[in-house]
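Taking it in order: structure first as structure tokens, then the write-up.
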Amino acid sequence: MRLDRFLSNLPRFNRQQVRLLLVQKRIRVDGLIIGDPHHEVREFSQVEVDDEVLQAGRPPRYLMLHKPEGCVSATRDPQHRTVLELIDEPDVLELHIAGRLDFNTTGLMILTNDGQWSRRLTQPQTKLPKVYYVETEQLIGPEYVETFARGLYFAFEDLTTQPATLELLGPRSARLSIVEGRYHQVKRMFGHFDNKVLRLHREAMGPLMLDEHLAPGQYRPLRAEEIERI
């Protein structure tokens, strides 16, 4: 958000007062005196006027979790363990989940407090592929590849899924790449052929791949180069 807009949104300042504060060099953003009304204020910026803190800066956080089975993608649940209960970090409730997984789906999950960054990772408009390893009850035939590539009509949402790539790995196993995250999308896609998904494991989200050294339930901070890829 522009600095002048950020200040004008506060109930204590009108537009004329904001212009005066900027001209008088009384505003600091992340420790620097700022007079440019177009200066960008992010959710992690510290903003001060005359040494009074208007918004406290805090560091962005990015975590990669290997989600285990039997765990809810939520901050609180009265019956089941949540993914946040696996995170031993301060202020864990500041984190949100970038790309939820079903109760028994395993694999890569990202938690962060950076909303802009997580939207780039998960929004369908960015077309970042989400890659899943799938095992099914029935045989997976070549017709699956063609059907998934064309897209499937979901009557509940009245939409056709984006083209998806399916790589056959065995008689009942495959690797699926999709750019959306519709409700139970992978299970519904295989359900089109009356084929039940027995195991579902997310391997990657865009350029982020699950660290093979992370056991189920373990997590680590993302490296700087991983964060910058999104």
Please list the equivalent ellipsoid semi-axes of region 132-230, computed as the square roots of five times the alpha-carbon gyration tensor eigenvalues, in descending order and whole angstrom.
-> 27, 17, 12
Per-bin percent of Cα-Cα distances, the chain [10 Å] | 7, 26, 26, 19, 13, 7, 2, 0
List every residue whose amide H lies under 5 Å from the amide H of HIS96, counting only residues 5 or more places away in sequence or on a different chain, with H placed 1.01 Å from N in the peptide plane.
-> THR112, ASN113
Whichever lysines have a C-alpha closer than 16 Å to that of LYS67, once near sequence neighbours (fewer than 8 apart) are set aside | LYS130
Note on region 1-151, DSSP bridge orientation, antiparallel percent to nearest 5 equals 95 percent
Filtered hits (lysines, Cα-Cα < 16 Å from LYS196, offset >= 8 within chain) -> LYS187
Over the chain, the sum of -39500 (n - 2.57) across DSSP H runs of at least four, divided by residue number and rounded to 500 deg cm²/dmol, gives at 222 nm -5000 deg cm²/dmol
Could you give me the radius of gyration and the Dmax of region 1-126, taking only the C-alpha atoms into account and expressing both in angstrom?
-> 19.2, 58
Taking H placed 1.01 Å from N in the peptide plane, check which residues at least 5 places from VAL179 or on another chain put their amide H under 5 Å from its amide H.
-> LYS130
Debye intensity ratio I(q)/I(0), log10, region 3-55, q values 0.14, 0.31 Å⁻¹ (C-alpha model) | -0.27, -1.57
With Cβ to Cβ distances under 11 Å as the rule, what net charge do the other residues near MET64 carry (K, R +1; D, E -1)?
-> +1
Non-local residues with an amide H under 5 Å from the amide H of LEU101, with H modelled 1.01 Å from N and Pro and chain starts lacking one, are SER73
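Computed from the coordinates by the stated procedures, all read-outs in this text should not be read as laboratory data. Remember, it's a predicted structure, so these values are computed and weren't measured experimentally. No Cβ is skipped: glycine too gets one built from the backbone with ideal geometry, and neighbour counts run over all protein chains shown.
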